[in-house]
Amino acid sequence: MPTMADVARSAGVSVATVSHVLNGTRPVLPHTRQSVLDAIERLGYTPNTLARSLVTSRTRSIGLAVSAIRNPYFTEILQGVESAALDAGHGLLIADPHDDPAHERTVVQLLHERRVDGMIVAPSADPRELVAYLARHEVPTVFLDRLVETAAASPEGAPASGDGGLRFDQVCAESAEPTARLVAHLAGHGHRRIALIAGLPGLSTTRERIAGYREGLAAAGLPHDERLLVHGDSESAGAERATAALLSLAAPPTALVTANNAMTLGALRALRDRGLSVPDDIALCCFDDFPWADLFSPRLTAIAQPGREIGTQAVRLLLDRLAAPDRPARTVRLPCAFVHRTSCGCPEPERSGEAERSAESERSGEAELSAERGRSAQYPQSVQFERGTVS
């Protein structure tokens, strides 16, 4: 097996120069760097990562804890994390915390024991043990998708940033305004009883989408009926039960907003079991676009989250934290796109899917809410549709 010394002899440089090329510890002239890389390729040299980690205290590996297997949305995030990590020369160790606080704490500890340089975690609804462990061991960590109130969750004596919170960076998509946009869009079609199937209580995404739902109702001049806000617990089966409960009301909703992709499938299953058609009997909009949303009939109007970009940003934040451990914590929020299709009751758009998404994402949420509110004001409290009456 060729050694670093063999590479140095082949390239006509010192062993130290080879080390600088491999580890990026000092600038090397371009032609010298290329000579070293050519020698590595020619000899088939593989760096001894374990030996290097003993010297540098870095393994060039990142631990990722997300429920990727259970949620296709996290699979898209995983792709972004993996691509960005590999581009930066880092390997990836992946664990699935199953959205369970106890299991989450276990898998994060296992990743830490494997000497990863830092963590990227999608926290559960109760991340107190997770935050306590990461803070106690001062593990560089980025939270993604779900935000954590780190100052409130900080254990006593934990290292803190200048603003009083732990130095955990965070990255997520906007949730409140896009949900308000869905509600406003449905209200613009005359719907007065719009229901939200919300996610698992305790998640920041659940809180923010509920806030957006209420904001959308208020912007459309609609009252908030607590019976129309139900929790599907971020799962298909939970959303199926929640939808059945909504349909059993004396005055059921005429439109649904589902707060993630799994719950969209559960809601559709419940509607099918009741023999209801979308959008003829009930309109539907969903948070989370997914690859097969365009294959349903009708095609699903959705909010598309930038999953890959969230993963990419998480890696960038972590690498920045590793390079400058004492810098202030950052929270990055990324915009979503409104993907206009037909499950909301609109006619088939003439534009292609990508053009729809691009054009709609350019519109500000404030302009959308204002426009939809104006349209909703044109409808009376009871509007006759092709099938049934919306009250």
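The values are calculated or read from the model by the stated rules, or taken from the named source; none is laboratory data. Because the structure is a prediction, the values reported are computed rather than measured. In this analysis, Cβ positions are derived from the backbone assuming ideal geometry, glycine residues included, and neighbour counts consider all displayed protein chains. For accessibility, only protein heavy atoms count, side chains too; no ligands or nucleic acids. Shrake-Rupley method; radii C 1.70, N 1.55, O 1.52, S 1.80 Å.
Annotations for the structure displayed:
- Qualifying residues in segment 246-286 (those that are among the small types (Gly, Ala, Ser) and part of a helix (DSSP H, G or I)) - the one modelled with the lowest pLDDT: Ala262
- Residue match in segment 44-63 (condition: out of contact with any strand residue (DSSP E or B) (no Cβ under 8 Å at 6 or more places or on another chain), under 30 Å from Asn260 (Cα atoms) and modelled with pLDDT under 80): no
Yes or no, residue by residue, for (1) assigned to a loop (DSSP other than H, G, I, E, B); (2) open to solvent by less than 60 Å² (accessible area, probe 1.4 Å); (3) not hydrophobic (A, V, I, L, M, F, W, C):
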position	(1), (2), (3)
Arg105	no, yes, yes
Leu110	no, no, no
Arg115	yes, no, yes
Met119	no, yes, no
Pro123	yes, yes, yes
Val131	no, yes, no
Leu134	no, yes, no
Val142	no, yes, no
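- Taken over segment 154-176, the criterion of being open to solvent by 30 Å² or more (accessible area, probe 1.4 Å) and modelled with pLDDT under 95 is satisfied by Ser154, Pro155, Glu156, Gly157, Pro159, Ala160, Gly162, Asp163, Gly164, Arg167.
- Taking (1) more than 18 Å from Cys172 (Cβ to Cβ); (2) within 22 Å of the chain's Cα centre (by Cα) in turn, Glu113 satisfies each apart from (2).
- Selection of segment 290-312 for residues being closer than 19 Å to His185 by Cβ and buried (at least 24 other Cβ atoms within 10 Å of the Cβ) yields Leu300, Thr301, Ala302, Ile303, Gln305.
- Test: residue in segment 318-327 that is open to solvent by less than 20 Å² (accessible area, probe 1.4 Å), under 27 Å from Leu229 (Cα atoms), in contact (Cβ under 8 Å) with a residue 24 or more places away in the chain and touching a strand residue (DSSP E or B) at 6+ places or on another chain (Cβ under 8 Å): no
- Of the residues in segment 69-84, at least one is at pLDDT below 90, open to solvent by 40 Å² or more (accessible area, probe 1.4 Å) and in a loop (DSSP other than H, G, I, E, B).
- Of the residues in segment 226-240, at least one is over 26 Å from Phe74 (Cβ atoms) and open to solvent by 20 Å² or more (accessible area, probe 1.4 Å).
- Annotation note: of Thr179, Thr264, Thr206, Thr258, the sole residue that is surrounded by fewer than 24 Cβ atoms within 10 Å (Cβ to Cβ), within 27 Å of the chain's Cα centre (by Cα) and hydroxyl-bearing (Ser, Thr, Tyr) is Thr206.
- Segment 327-338, residues that are in contact with an Asp or Glu (Cβ under 6 Å, 6 or more places away or on another chain) and at pLDDT below 95: Ala329, Arg330
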